[in-house]
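Here is the structure we will look at.
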Amino acid sequence: MRHSIIVASGSYIPPAAIPNKHFIDHDFYDADGNRLERPNPEILKKLYEITGIRERRYADAGMTTSDMAAKAAEKALEGSDKEGLDYIIVAQNLGDIKIDNKRSEMVPTIAARVKHKLRIKNPYTIAFDLPFGCPGWLQATIMADYFIKSGDAGRILVIGAELLSRVSDPHDVDSMIYADGAGAILLEATDRETGILSHMTRSDTYDHAYLLQMGGSYNPSQNGNDLYIKMRGHDIYRYAVKKVPEVVKKNLEKAGFDLGDVKKILMHQANEKMDDAILKRLFRIYRVDEIPPGIMPMMISWTGNSSVATLPTLFDLIMRGRLDSHRLDPGDIVVFASVGAGMNINSMVYRMP
């Protein structure tokens, strides 16, 4: 049986670090258009306590989502034959957005733009996008695994890229969570029983489809038709903490593993407090009292939430030895998990080759 292994990775983290104090003079409003009465230093302190974010990364003025995606792809493809790719799948949700124009450019696709930027000539390298909220990169990886298992492909580039700073309402406190970035992996087929072992996805659209959506600015005096990311944070928190551990447990059972077999849990970097709560509930479900230190690496404190880019970036930093003392060795079992707009949740069990 064919399996999919990650043979290379790359990421692009914008160099511009935006500290929390950047927002000290912002005018913040609630969803009803009422100006928040709390002083901004108090708002910033509360944000840090909840999210763990000290700073986030914003792309330079001249960069777009496809630019960042291409940079991450170049790193993942170093030393590889780019013309031998069967697919380029880009997880993204908002297209290319220029600094002076809030309208999303969705045609051609980000994947087509990346293939063009990489100067790949092969017409049978199929490039397409996958919009799936924050879990998009993991879902694209799951889709790529299906292609490889079917025999349809042998080498696939999977990218997650998003530029959220340009669709963040400066008058919405939640805007301070969002960031920009890109991450990529190169998947290849193997006959060994390693790499991607199982995956699971759920979509809860009946009651939760609009917990995260696009909407106008909270500032009632701001005119125009610009759309910004809007989320019902408390509802998302409750949903994620309850449902993500259930999906992870089902996925581990599907792969034939117990929680004690897991070396690392790579969680979408959405919110430090929420991720910690998800981890604690997962261990409670397994009736395990003590959580191993370092099992869930985090980078959100200095990168912010870059949506589909967080997981591949997190993985790349670990593989390059750039994330504290975290490392992964052959044979280690890694669980990937993400939650986001849709609402969608997915998980993947991976054995390091």
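The values are calculated or read from the model by the stated rules, or taken from the named source; none is laboratory data. Just so it is clear, the model here is predicted, and its values are computed rather than measured. No Cβ is skipped: glycine too gets one built from the backbone with ideal geometry, and neighbour counts run over all protein chains shown.
Some observations on this one:
- Within segment 291-320, considering residues that are of a type outside the set (A, V, I, L, M, F, W, C) and closer than 16 Å to Lys263 by Cβ, the one nearest to the chain's Cα centre (by Cα): Pro297
- Check on Ile236, of a type in the set (Val, Ile, Thr), within 22 Å of Ala91 (Cα to Cα) and in contact with a His (Cβ under 9 Å, 6 or more places away or on another chain): yes
- Listed by position, the helices (runs of 4 or more DSSP H) enclosed by segment 33-135 that each have at least 3 residues that are more than 19 Å from Ser175 (Cβ to Cβ) are 65-76, 110-117.
Matching residues to (1) among the polar types (S, T, N, Q); (2) within 30 Å of Phe336 (Cβ to Cβ):
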| residue | (1), (2) |
| --- | --- |
| Thr194 | yes, yes |
| His199 | no, yes |
| Ser203 | yes, yes |
| Tyr206 | no, yes |
| Gln213 | yes, yes |
| Tyr218 | no, no |
| Asn225 | yes, no |
| Ile229 | no, yes |
| His234 | no, yes |
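- Of all positions in segment 58-68, none carries a residue that is touching a residue at least 40 places away in the same chain (Cβ under 8 Å), over 30 Å from Leu187 (Cα atoms) and either crowded, with 20+ Cβ neighbours inside 10 Å or not basic (Lys, Arg) (or both).
- Residue selected from segment 260-281 under the condition farther than 19 Å from Arg351 by Cβ and aliphatic (A, V, I, L, M), by the criterion surrounded by the most Cβ atoms within 10 Å (Cβ to Cβ): Ile278
- Tyr87 being in contact (Cβ under 8 Å) with a residue 12 or more places away in the chain, in contact with an Asp or Glu (Cβ under 6 Å, 6 or more places away or on another chain) and surrounded by fewer than 24 Cβ atoms within 10 Å (Cβ to Cβ): no
- Members of segment 7-21 found to be surrounded by 19 or more Cβ atoms within 10 Å (Cβ to Cβ) and either part of a loop (DSSP other than H, G, I, E, B) or not assigned by TED's automatic domain parsing to the domain that holds Tyr178 (or both), listed by number: Ile13, Pro14
- Filter pass, Ile24 being surrounded by fewer than 16 Cβ atoms within 10 Å (Cβ to Cβ), farther than 27 Å from His199 by Cβ, out of contact with any Lys or Arg (no Cβ under 8 Å at 6 or more places or on another chain) and not aromatic (Phe, Trp, Tyr): yes
- Residue match in segment 328-335 (condition: surrounded by fewer than 20 Cβ atoms within 10 Å (Cβ to Cβ), assigned to a helix (DSSP H, G or I) and more than 11 Å from the chain's Cα centre (by Cα)): no
- Complete set of residues in segment 158-178 that are surrounded by 24 or more Cβ atoms within 10 Å (Cβ to Cβ) and either of a type in the set (D, E, K, R) or over 16 Å from the mean Cα position of the chain (by Cα) (or both): Glu162, Met176
- Evaluation of Leu138 against (1) under 30 Å from Tyr29 (Cβ atoms); (2) in contact with a Leu (Cβ under 8 Å, 6 or more places away or on another chain) (one fails), failing number: (1)
Per-residue answers, yes or no, for (1) under 20 Å from the mean Cα position of the chain (by Cα); (2) over 22 Å from Ala91 (Cα atoms); (3) at pLDDT below 95:
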| site | (1), (2), (3) |
| --- | --- |
| Glu188 | no, no, no |
| Thr201 | yes, no, no |
| His208 | yes, no, no |
| Tyr218 | no, yes, yes |
| Arg232 | yes, yes, yes |
| Val248 | yes, no, no |
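- Residue, surrounded by the most Cβ atoms within 10 Å (Cβ to Cβ), within segment 99-143, restricted to residues that are at pLDDT 95 or above and basic (Lys, Arg): Lys115
- Under the condition of being part of a loop (DSSP other than H, G, I, E, B), farther than 20 Å from Met348 by Cβ and either in contact (Cβ under 8 Å) with a residue 60 or more places away in the chain or not small (Gly, Ala, Ser) (or both), the residues counted in segment 293-327 number 5.
- Scan segment 302-333 for residues that are aliphatic (A, V, I, L, M), in contact with a helix residue (DSSP H, G or I) (Cβ under 8 Å, 6 or more places away or on another chain) and at pLDDT 95 or above and the total you get is 5.
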